[in-house]
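Structure first, then comments.
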Amino acid sequence: MSKKSIMAIPYVCVIIINYNSGDCLSRCLSALESQTYNDFEVIVVDNNSTDNSIKALKDLPSYFKIIKNK
């Protein structure tokens, strides 16, 4: 692996498990987005929420990933 490839990997990975978290999830992701430290990625794992908490998330940065469990 080249040095450039290694540097592209985020240093910190924040994993959030979500189930019907609604507004709480939105506030959490907003707080992460406003961090001054920027060498991280965010993975939200949604456990088949029924409250539309994932659909309510709009315009997430590219370093935020969503995984939907069914």
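The values are calculated or read from the model by the stated rules, or taken from the named source; none is laboratory data. The shown structure was predicted, so the numbers you read here are calculated from the model rather than taken from an experiment. Neighbour counts are summed over all protein chains in view; Cβ atoms, including those assigned to glycine, are modelled from backbone coordinates with ideal geometry.
Results, tabulated for the structure shown:
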item	result
The range 20-70 - residue that is among the β-branched types (Val, Ile, Thr) and assigned to a loop (DSSP other than H, G, I, E, B) and, of those, surrounded by the fewest Cβ atoms within 10 Å (Cβ to Cβ)	THR36
Residues (at pLDDT below 95 and either outside any strand (DSSP E or B) or touching a helix residue (DSSP H, G or I) at 6+ places or on another chain (Cβ under 6 Å) (or both)) located in the range 1-19	MET1, SER2, LYS3, LYS4, SER5, ILE6, MET7, ALA8, ILE9, PRO10, TYR11
